[in-house]
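Just below is one structure, and these are the notes that go with it.
The values are calculated or read from the model by the stated rules, or taken from the named source; none is laboratory data. Worth saying up front: this structure is predicted, and the values here are computed from it rather than measured. Neighbour counts run over all protein chains shown; Cβ positions are idealised from the backbone, glycine included.
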Amino acid sequence: MLTSINTYTATAQTANNRLETVSSAEENTASASIAREETSTAAGNNLFLSSKAEKINAISAEFFKKGPLTSVDVDKLVERAYEYGLISKAEYGHLAKTAQGEQSQEAETQTITASLAGFIEDFQQRFNSVDADEQSGESSQAEPTETEIEMNKALSSAQAILSDVEQAKKADNFQQSLSHAIATLTEVVQSDSFSQLPLDDRVGLSKSVQALEVVDKLTPQKQNNKFINRYLDISAK
(Lines give C-alpha, C1' and ligand atoms only; values in the text may rest on other atoms or scores of the structure.)
Protein backbone atom coordinates (compact mmCIF):
# COMPACT_ATOMS: atom_id res chain seq x y z
CA MET A 1 0.00 0.00 0.00
CA LEU A 2 2.81 2.39 1.00
CA THR A 3 4.65 1.54 -2.20
CA SER A 4 1.57 2.41 -4.27
CA ILE A 5 1.21 5.76 -2.50
CA ASN A 6 4.87 6.58 -3.08
CA THR A 7 4.56 5.63 -6.74
CA TYR A 8 1.44 7.83 -7.14
CA THR A 9 3.17 10.75 -5.41
CA ALA A 10 6.21 10.46 -7.65
CA THR A 11 4.05 10.26 -10.76
CA ALA A 12 2.03 13.33 -9.70
CA GLN A 13 5.22 15.29 -8.98
CA THR A 14 6.59 14.43 -12.41
CA ALA A 15 3.37 15.59 -14.05
CA ASN A 16 3.45 18.86 -12.12
CA ASN A 17 7.07 19.44 -13.14
CA ARG A 18 6.14 18.89 -16.78
CA LEU A 19 3.22 21.37 -16.50
CA GLU A 20 5.49 23.98 -14.91
CA THR A 21 8.06 23.47 -17.69
CA VAL A 22 5.42 23.88 -20.39
CA SER A 23 3.94 26.94 -18.64
CA SER A 24 7.37 28.53 -18.28
CA ALA A 25 8.14 27.93 -21.94
CA GLU A 26 4.82 29.49 -22.97
CA GLU A 27 5.49 32.54 -20.77
CA ASN A 28 8.96 32.95 -22.26
CA THR A 29 7.52 32.71 -25.78
CA ALA A 30 4.84 35.28 -24.97
CA SER A 31 7.39 37.64 -23.40
CA ALA A 32 9.65 37.34 -26.42
CA SER A 33 6.71 38.06 -28.73
CA ILE A 34 5.73 41.16 -26.73
CA ALA A 35 9.33 42.35 -26.74
CA ARG A 36 9.54 41.91 -30.51
CA GLU A 37 6.28 43.86 -30.97
CA GLU A 38 7.50 46.69 -28.72
CA THR A 39 10.84 46.81 -30.54
CA SER A 40 9.08 46.83 -33.90
CA THR A 41 6.71 49.61 -32.78
CA ALA A 42 9.56 51.72 -31.43
CA ALA A 43 11.53 51.22 -34.64
CA GLY A 44 8.50 52.21 -36.70
CA ASN A 45 7.96 55.36 -34.64
CA ASN A 46 11.62 56.33 -34.94
CA LEU A 47 11.49 55.77 -38.71
CA PHE A 48 8.38 57.97 -39.00
CA LEU A 49 9.89 60.71 -36.87
CA SER A 50 13.16 60.55 -38.77
CA SER A 51 11.42 60.70 -42.15
CA LYS A 52 9.24 63.64 -41.10
CA ALA A 53 12.17 65.47 -39.53
CA GLU A 54 14.21 65.06 -42.71
CA LYS A 55 11.38 66.50 -44.82
CA ILE A 56 10.93 69.45 -42.46
CA ASN A 57 14.68 70.07 -42.51
CA ALA A 58 14.65 70.00 -46.32
CA ILE A 59 11.85 72.58 -46.41
CA SER A 60 13.65 74.67 -43.81
CA ALA A 61 16.82 74.71 -45.91
CA GLU A 62 14.86 75.67 -49.03
CA PHE A 63 12.63 78.38 -47.57
CA PHE A 64 13.50 79.43 -44.01
CA LYS A 65 17.30 79.66 -44.06
CA LYS A 66 17.67 81.88 -47.11
CA GLY A 67 16.15 85.04 -45.67
CA PRO A 68 12.71 86.60 -45.03
CA LEU A 69 9.74 84.95 -46.73
CA THR A 70 8.05 86.57 -49.73
CA SER A 71 4.60 86.02 -51.20
CA VAL A 72 5.96 83.78 -53.94
CA ASP A 73 7.83 81.74 -51.30
CA VAL A 74 4.56 81.07 -49.48
CA ASP A 75 2.87 79.65 -52.57
CA LYS A 76 5.83 77.36 -53.26
CA LEU A 77 6.02 76.43 -49.57
CA VAL A 78 2.41 75.24 -49.56
CA GLU A 79 3.06 73.14 -52.67
CA ARG A 80 6.19 71.59 -51.20
CA ALA A 81 4.56 70.78 -47.85
CA TYR A 82 1.75 68.98 -49.67
CA GLU A 83 4.20 67.21 -51.98
CA TYR A 84 6.10 65.87 -48.94
CA GLY A 85 2.88 64.74 -47.26
CA LEU A 86 3.32 67.13 -44.34
CA ILE A 87 -0.15 68.63 -44.76
CA SER A 88 -3.39 66.91 -45.67
CA LYS A 89 -5.40 67.47 -48.84
CA ALA A 90 -7.94 69.50 -46.85
CA GLU A 91 -5.20 71.64 -45.31
CA TYR A 92 -3.64 72.14 -48.74
CA GLY A 93 -7.00 73.23 -50.15
CA HIS A 94 -7.46 75.74 -47.31
CA LEU A 95 -3.95 77.16 -47.55
CA ALA A 96 -3.96 77.31 -51.35
CA LYS A 97 -7.21 79.31 -51.34
CA THR A 98 -6.02 81.77 -48.70
CA ALA A 99 -5.56 85.26 -50.18
CA GLN A 100 -6.80 84.16 -53.62
CA GLY A 101 -9.82 86.41 -53.41
CA GLU A 102 -7.65 89.42 -52.60
CA GLN A 103 -5.17 89.05 -55.43
CA SER A 104 -5.10 91.04 -58.63
CA GLN A 105 -2.44 91.31 -61.31
CA GLU A 106 -1.37 94.74 -60.08
CA ALA A 107 -1.23 93.85 -56.39
CA GLU A 108 0.45 90.52 -57.09
CA THR A 109 3.15 92.23 -59.17
CA GLN A 110 3.83 94.68 -56.35
CA THR A 111 3.99 92.13 -53.54
CA ILE A 112 5.27 88.93 -55.15
CA THR A 113 8.92 89.56 -54.32
CA ALA A 114 8.37 91.85 -51.34
CA SER A 115 9.37 90.63 -47.88
CA LEU A 116 6.31 89.80 -45.79
CA ALA A 117 8.21 90.84 -42.68
CA GLY A 118 8.91 94.19 -44.32
CA PHE A 119 5.24 94.61 -45.13
CA ILE A 120 4.23 93.79 -41.55
CA GLU A 121 6.73 96.30 -40.16
CA ASP A 122 5.45 99.03 -42.50
CA PHE A 123 1.80 98.18 -41.78
CA GLN A 124 2.41 98.32 -38.02
CA GLN A 125 3.99 101.77 -38.32
CA ARG A 126 1.01 103.03 -40.30
CA PHE A 127 -1.41 101.36 -37.87
CA ASN A 128 0.17 103.17 -34.93
CA SER A 129 0.49 106.48 -36.78
CA VAL A 130 -3.28 106.53 -37.30
CA ASP A 131 -3.81 106.20 -33.55
CA ALA A 132 -1.26 108.96 -32.94
CA ASP A 133 -3.06 111.29 -35.37
CA GLU A 134 -6.39 110.63 -33.66
CA GLN A 135 -4.90 111.46 -30.26
CA SER A 136 -2.98 114.56 -31.39
CA GLY A 137 -6.00 116.80 -30.93
CA GLU A 138 -6.65 115.59 -27.40
CA SER A 139 -5.30 117.45 -24.37
CA SER A 140 -3.82 114.29 -22.87
CA GLN A 141 -2.60 111.19 -24.61
CA ALA A 142 -5.02 108.30 -24.15
CA GLU A 143 -3.84 104.88 -23.08
CA PRO A 144 -3.80 102.27 -25.88
CA THR A 145 -6.88 100.09 -25.96
CA GLU A 146 -6.75 96.34 -25.43
CA THR A 147 -7.44 95.85 -29.15
CA GLU A 148 -4.46 98.05 -30.06
CA ILE A 149 -2.21 96.22 -27.61
CA GLU A 150 -3.20 92.79 -28.95
CA MET A 151 -2.83 93.94 -32.56
CA ASN A 152 0.66 95.33 -31.94
CA LYS A 153 1.64 92.16 -30.11
CA ALA A 154 0.43 90.02 -33.03
CA LEU A 155 2.16 92.20 -35.63
CA SER A 156 5.44 92.17 -33.71
CA SER A 157 5.31 88.38 -33.40
CA ALA A 158 4.46 87.96 -37.09
CA GLN A 159 7.28 90.28 -38.12
CA ALA A 160 9.83 88.41 -35.99
CA ILE A 161 8.72 84.99 -37.23
CA LEU A 162 8.55 85.89 -40.92
CA SER A 163 11.94 87.64 -40.72
CA ASP A 164 13.72 84.49 -39.57
CA VAL A 165 11.63 81.40 -38.88
CA GLU A 166 14.54 79.30 -37.60
CA GLN A 167 15.69 81.98 -35.16
CA ALA A 168 12.13 82.58 -33.97
CA LYS A 169 11.69 78.86 -33.23
CA LYS A 170 14.42 79.05 -30.59
CA ALA A 171 12.29 81.24 -28.34
CA ASP A 172 10.56 79.45 -25.45
CA ASN A 173 7.26 81.19 -26.23
CA PHE A 174 7.45 80.59 -29.99
CA GLN A 175 4.35 78.40 -30.21
CA GLN A 176 2.29 80.78 -28.09
CA SER A 177 3.44 83.81 -30.12
CA LEU A 178 2.71 82.02 -33.39
CA SER A 179 -0.75 80.92 -32.30
CA HIS A 180 -1.63 84.40 -31.02
CA ALA A 181 -0.45 86.06 -34.23
CA ILE A 182 -2.47 83.65 -36.38
CA ALA A 183 -5.63 84.05 -34.29
CA THR A 184 -5.44 87.86 -34.12
CA LEU A 185 -4.58 88.48 -37.77
CA THR A 186 -7.12 85.91 -38.96
CA GLU A 187 -9.80 87.79 -37.01
CA VAL A 188 -8.75 90.98 -38.83
CA VAL A 189 -8.78 89.31 -42.25
CA GLN A 190 -12.23 87.82 -41.65
CA SER A 191 -13.79 91.01 -40.28
CA ASP A 192 -16.39 93.00 -42.23
CA SER A 193 -14.21 96.12 -42.24
CA PHE A 194 -11.27 94.30 -43.85
CA SER A 195 -12.64 95.06 -47.32
CA GLN A 196 -12.21 98.78 -46.64
CA LEU A 197 -8.41 98.47 -46.50
CA PRO A 198 -6.32 99.20 -49.60
CA LEU A 199 -5.83 96.18 -51.87
CA ASP A 200 -2.10 95.84 -51.22
CA ASP A 201 -2.75 95.78 -47.45
CA ARG A 202 -5.41 93.10 -47.89
CA VAL A 203 -3.04 90.99 -49.99
CA GLY A 204 -0.13 91.51 -47.59
CA LEU A 205 -2.10 90.61 -44.47
CA SER A 206 -3.74 87.60 -46.12
CA LYS A 207 -0.39 86.31 -47.36
CA SER A 208 1.15 86.84 -43.93
CA VAL A 209 -1.60 84.78 -42.29
CA GLN A 210 -1.12 82.09 -44.92
CA ALA A 211 2.64 82.00 -44.25
CA LEU A 212 2.14 81.79 -40.48
CA GLU A 213 -0.35 78.95 -40.87
CA VAL A 214 2.13 76.97 -42.99
CA VAL A 215 4.87 77.54 -40.41
CA ASP A 216 2.47 76.29 -37.74
CA LYS A 217 1.71 73.12 -39.74
CA LEU A 218 5.42 72.42 -40.19
CA THR A 219 6.37 73.00 -36.56
CA PRO A 220 6.55 69.75 -34.56
CA GLN A 221 4.22 70.03 -31.59
CA LYS A 222 5.79 69.34 -28.22
CA GLN A 223 4.87 65.89 -26.95
CA ASN A 224 4.35 64.74 -23.37
CA ASN A 225 7.25 62.30 -23.66
CA LYS A 226 10.57 63.99 -22.83
CA PHE A 227 12.52 61.46 -24.91
CA ILE A 228 10.47 62.26 -28.03
CA ASN A 229 10.92 65.98 -27.36
CA ARG A 230 14.67 65.46 -27.16
CA TYR A 231 14.62 63.50 -30.42
CA LEU A 232 12.63 66.23 -32.16
CA ASP A 233 15.01 68.91 -30.91
CA ILE A 234 18.06 67.01 -32.16
CA SER A 235 16.45 66.15 -35.51
CA ALA A 236 15.56 69.77 -36.16
CA LYS A 237 19.20 70.87 -35.91
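Before moving on, here are some points about what is shown:
- Here the range 143-169 is the region considered, the condition is being closer than 24 Å to residue 59 by Cα and acidic (Asp, Glu), and the residue that is surrounded by the fewest Cβ atoms within 10 Å (Cβ to Cβ) is 166.
- Here residue 114 passes the criteria (1) among the hydrophobic types (A, V, I, L, M, F, W, C); (2) within 23 Å of the chain's Cα centre (by Cα); (3) at pLDDT below 90 except the one numbered (2).
- Single residue of the range 136-150 satisfying the filter (assigned to a loop (DSSP other than H, G, I, E, B) and of a type in the set (Asp, Glu)) that is modelled with the highest pLDDT: 143
- Unique residue being under 14 Å from the mean Cα position of the chain (by Cα) and not acidic (Asp, Glu) when the list is 178, 155, 162, 185: 178
- The one condition in (1) at pLDDT 90 or above; (2) more than 14 Å from the chain's Cα centre (by Cα); (3) surrounded by 17 or more Cβ atoms within 10 Å (Cβ to Cβ) that residue 231 fails to fulfil: (1)
- Residue that is surrounded by the most Cβ atoms within 10 Å (Cβ to Cβ), among those in the range 170-192 that are of a type in the set (A, V, I, L, M, F, W, C) and outside any loop (DSSP other than H, G, I, E, B): 181
- Sub-9 Å Cβ pairs linking a first residue in the range 147-166 that is farther than 15 Å from residue 209 by Cα to a second residue that is exposed (fewer than 15 other Cβ atoms within 10 Å of the Cβ) and at pLDDT 95 or above, at least 6 apart or interchain, number zero.
- Residue-level check: of (1) modelled with pLDDT of 90 or more; (2) part of a loop (DSSP other than H, G, I, E, B), residue 153 misses just (2).
- Residue 107 touching a Leu at 6+ places or on another chain (Cβ under 6 Å) and modelled with pLDDT of 80 or more: no
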